[in-house]
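Values in this text are rule-based calculations from the coordinates and carry no lab data. This structure is a prediction, so every number in the text was calculated from the model and none was measured. Neighbour counts are summed over all protein chains in view; Cβ atoms, including those assigned to glycine, are modelled from backbone coordinates with ideal geometry.
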Amino acid sequence: MTPETLAARSVAAICELQDSAGAFLAAPCPPQYRNAWLRDGVFVADALSRAGEREKAEAFFSWCAGVVEARAAPMARREILDGRYTLDGQEVAGAWSGAQLDGYGAWVWALGRHVRRHGVDPAPWRAGAELSLGYAAACWSLPCFDWWEERWGVHTATLAALYGGLTSAIVAEPWAAEAAKEIKAAVVRDGLVEGRLRARLGDGGLDASLIAVATPFGMLDPDDPLMLATVAEIESRLVHAGGVHRHPEDEYYGGGLWLVLAALLGWHYLRSGRPEAAREELDWVVRAASPGGELPEQVDDQLLHPEARAAWLERWGPSACPLLWSHAMFLTLVLELDAVPVENAA
């Protein structure tokens with residue numbers, strides 16, 4: 001499959017799985033993925049905004065604002081809210097480690113990019129954005145689950161997402177700037193080990209989501225020594241032939257190579273002045289597509305813990321495919337590279 005064909009399929013897949021209320025279905029299967037994650041949706045909306053699908057991106061921002069405004073009371077109580085909801089904005093029933101903070105900053109980050117990209121008036125979403133960032137400023141130091149809903153703590157990638165929202169200029173208030181400054185200071189003070197970033201403050205570990213500290217959330221520059229050392233460690237321990245594992249202990253479906261992270265690494269390579277390496281990541285993602293142009297969550301040809309895969313297959317069936325987050329990150333990398341023309345791209 002060519003990048004051109006896959007880019008067109010990615011736009012179509014994303015639009016097909018957007019609910020009328022604006023939320024994006026994470027994936028049609030397994031059933032547990034038939035919900036809307038704030039974080040996944042943020043990257044999906046940003047990709048659509050880049051591709052010129054303004055109304056669809058704005059529908060997602062309206063959905064986010066509605067989710068936030070409906071939860072003003074628990075936000076005021078500094079409760080850790082879920083990072084995923086039903087398509088109509090309700091809490092998902094059943095036990096799951098869904099308490100996450102990153103999306104409450106990340107959606108405002110994406111909104112800020114959309115506003116600058118298209119010259120849009122942010123007024124329809126400003127109240128939700130102010131409430132969300134006030135929540136981020138009050139709660140950033142509280143523990144929650146990581147991007148993968150596995151580990152509890154104060155996660156560096158989560159802090160980067162909150163920083164991205166607080167510095168988005170959607171809310172230009174002194175308290176937002178002060179909170180962003182405090183977050184960055186905490187990462188530099190408590191989030192380092194052996195000259196690189198650690199996955200959780202005060203608790204070591206390596207996670208490929210650390211790329212997001214620079215790309216895209218901009219807490220550190222791509223050429224900051226801390227980022228150079230962190231990416232080098234990720235390349236050494238988590239990258240295989242272009243694909244990227246989440247973390248060394250990953251047992252989810254055996255711990256495969258994630259397309260989301262390969263595209264994120266490619267995006268970071270491009271921002272780091274390494275376009276050839278970025279193109280290699282793009283090509284790896286293209287090779288991972290199904291014959292019909294569907295991008296899965298992960299591929300299983302280099303599992304970290306193959307003994308764990310059978311249990312997940314029995315529990316939930318095959319892993320997610322298509323995963324909208326994979327399609328969104330591929331589309332973002334395509335547009336960053338100017339690799340293919342995408343109709344109405346902006």
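Quick notes on this one:
- Distance (nanometres) between label positions extended 7 Å along Cα→Cβ at residue 96 and residue 283: 3.7
- Here Cα extents along the principal axes in Å was calculated from the structure, and among (i) 47, 46, 43; (ii) 67, 47, 38; (iii) 53, 49, 42 it sits at label (i).
- Within the chain, helix-based [θ] at 222 nm, where runs of 4 or more DSSP H residues each add -39,500 (n - 2.57), nearest 500: -16000 deg cm²/dmol
- Segment residue 69-residue 312, length gained on full extension (0.36 nm per residue, minus Cα span): 83.9 nm
- Residues 86, 230, 158, sorted so that the one with the fewest Cβ neighbours within 10 Å comes first: 86, 230, 158
- Modelled label positions at residue 116 and residue 229, each set 7 Å beyond Cα in the direction of Cβ, lie 2.9 nm from each other.
- Extension gain from residue 190 to residue 241, taking 0.36 nm per residue of separation minus the Cα-Cα distance: 15.1 nm
- Using the Cβ-Cβ distance between residue 77 and residue 15 with R0 set to 45 Å, the FRET efficiency works out to roughly 0.75.
- Size descriptor for the stretch 53-100, Kirkwood hydrodynamic radius: 11.9 Å (Cα pairs only, one decimal).
- Evaluated with a Cβ-only charge set (Lys, Arg +1; Asp, Glu -1), the stretch 3-337 carries a dipole of roughly 520 debye about its Cα centre, given to the nearest 20.
- Paramagnetic label zone (point 7 Å from Cα along Cα-to-C-beta, residue 290; backbone N under 20 Å) in the stretch 322-336: 322-331
- Each principal axis of the Cα cloud of the stretch 117-271 was taken in turn, and the coordinate range along them, longest first, works out to 45, 35, 31 Å.
- Dipole axis of the chain (+1 Lys, Arg; -1 Asp, Glu on Cβ), positive-most option in 12, 254, 176: 176
- 18 Å reach of a label modelled at residue 29, 7 Å along Cα-to-Cβ, counting backbone N of the stretch 299-321: 299-300, 310-321
- Note on the stretch 3-337: dipole from Cβ charges, positive end direction compared against 42, 284, 312; the farthest Cα belongs to 42.
- Our note on the geometry: Cα centres of the stretch 12-55 and the stretch 137-157, 23 Å apart.
- For the chain, leaving out every one of the GluC sites (Glu not before Pro) that falls in a DSSP loop and has at most 10 other Cβ atoms within 10 Å, the longest unbroken run is 1-193.
- Relative contact order (percent, whole number), the stretch 3-337, Cα cutoff 8 Å, 6+ residue spacing: 18
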